[in-house]
Amino acid sequence: MKVNKRGIIALGAMAAISSLALAGCASGGSGSGDDKSGDAEYTGEITVWVDADRAEVLQDAADAFTADTGVEVKMVQKEFGEIRDQFIQQVPTGEGPDVVVGAHDWLGTLVTNGVVAPVELGDRASEFEQVSIDAISYEGQTYGVPYAIENIALLRNTDLVAEAPTDYDDMIAKGKAAGVDYAFLVGLDPEAADPYHLYPFQTSFDAPVFGTDADGAYDPADLQIGNDGGTAFASWLGEQGAAGILNTNITGELAKENFVSGKSPFFLTGPWNAPAAVDAGLNIAVDPIPSAGGSDAQPFAGVQGFFLSSESKNRLAANEFMVNYIGSEEVQTALYEVGGRTPALTAAFEAAVDADPITAGFGEVGANAVPMPSIPEMGAVWEFWGVTEAAIINGSGDPAALWTKMATDIQDAIG
């Protein structure tokens, strides 16, 4: 079946957002007091940092918010990759924004630096997918309003391979039998590989980064990346590199270009690359990630959302804008349409899944995903993880020895 790309929706229905907000909609208060947003008087202005991809949607929401409340919203565009560090630097000086877009795995660093404040979702918390609330929470407090859930999955060109692979070896066999240039594609980096994309294969060897405590939270005292499964995964990485199946010279962009050109039946990627394949006229399916080590191949689940500055001078208005405007079905759907990432709000999520088989496929794979750790100790993992994977794939040493050294270095850095 050929999948047609969904059109971009217009935001002509912003009046619905206005009526939602003016009704109060049980959002709770500002996160710092007993005021209820439905009864509040709003004044002044708020500043929102947002990346270019989401700016237009947020500007429409901001215009509606200003019309309803009289509070001006200053929208400042930033490069997404620069937002976290600039936010941490500026908030203590009082120069930062009231609201900032970000990824959930920033949260441990943001909390430990004291730059974010809890957001009061109140009864509206139950309206979001639970994984998104879990991801954007830290030590029992909710620190943002989630808007998107994302994970990777296996894209398959159904004209080249008719059936989903049963495991990794079956995928490679099917890919070679297709008679095209590449049996399988995943974008990597010459120096840092890509632990995010390779993690499902690592988990299939029973080698998570951290264990979890009794509450299901990641336990930094239980580093598991260097266990026996980890060293087995390292050996497998070396084998795939030597065979040329994993190639650090094939970047994410090159992998996409080759898949879109019909040079491979399989592409391990996220929903952000599906539109290019559809636009190229490919018939695609979204499959589970095949296991290489025998256990389930579990990708990371990433959640994006909006955080509230701990130094906001207009916290009540900022909380209202986040919860009842960014958190509305209209805005969450519009953000999905421009970004391709599954909405965090359940109503928008279900509508997207029902309307689009690509979204449904990624959502199905995401049901088996695990949240990317947001604890600060994850920084030490990233420092050593990717460079070690690249060295192993490139044949720069004994895989097991390189992996064991990496685990020791991580443990030493965590302390």
Loop-located GluC sites (Glu not before Pro) in the range 104-159, at most 13 other Cβ atoms within 10 Å (DSSP): Glu139
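Add -39500 (n - 2.57) for each DSSP H run of 4 or more in the chain, then divide by its residues: what number comes out at 222 nm, to the nearest 500 deg cm²/dmol?
Numbers: 16 runs with 169 residues, N = 415.
Here the helix-only value at 222 nm equals -12000 deg cm²/dmol.
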Euclidean distance between Cα centres, the range 55-79 to the range 177-222, Å: 38
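Per 0.36 nm of contour for each residue apart, how much would the distance between Asp53 and Glu72 grow if the chain were fully extended, relative to their Cα-Cα spacing?
Numbers: separation 19, 0.36 × 19 = 6.84 nm, distance 2.13 nm.
Residue separation times 0.36 nm, minus the Cα-Cα distance, leaves 4.7 nm.
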Under 28 Å, Cα to Cα: Lys pairs in the chain, sequence gap 8 or more or different chains: 16
For the range 251-275 and the range 319-340, distance of Cα centres in Å: 28
Radius 13 Å from Cβ of Gly238, net charge of other residues (Lys, Arg +1; Asp, Glu -1): -3
For the chain, radius of gyration divided by Kirkwood radius, i.e. Rg to Rh on alpha-carbons: 0.99
Efficiency of FRET from Cβ geometry, Asp213 and Asp63, R₀ 45 Å, rounded to 0.05: 0.50
For the chain, share of DSSP beta bridges that run antiparallel, in % to the nearest 5: 70
Taking the range 108-206 and dividing mean pair separation by its residue count, relative contact order in percent (alpha carbons under 8 Å, at least six apart): 15
Contour excess over end-to-end distance, with Cα ends at Thr112 and Trp272 and 0.36 nm allotted per residue: 54.5 nm
Burial ranking of peptide ranges 191-197, 99-105, 316-322 (average Cβ count within 10 Å, highest at the top): 316-322, 99-105, 191-197
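Please tell me the relative contact order of the range 164-254 in percent, rounded to the nearest whole number, where contacts are Cα pairs under 8 Å and at least six residues apart.
On the way: 91 pairs, mean separation 29.6, N = 91.
Once divided by the residue count of the range 164-254, the mean separation gives 33 percent.
If r is the Cβ-Cβ distance from Asp412 to Glu191 and R0 is 22 Å, what FRET efficiency results, to the nearest 0.05?
On the way: r = 22 Å, r/R0 = 0.99.
That gives a FRET efficiency of 0.50.
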Net +/- balance of residues flanking Ile149 in space, Cβ distance below 10 Å, scoring K and R +1, D and E -1: -1
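Which FRET efficiency value, to the nearest 0.05, is calculated for Gln86 and Asp167 with the Förster distance at 45 angstrom and r the Cβ-Cβ distance?
Working: r = 44 Å, r/R0 = 0.97.
FRET efficiency, Gln86 to Asp167: 0.55.
All of the numbers you see were taken from the coordinates with simple rules; none came from a lab. On a predicted model such as this, the values are computed, not experimentally measured, just so you know. Because the Cβ atoms are built from the backbone with ideal geometry, glycine has one as well, and the counts that use them run over all protein chains shown.
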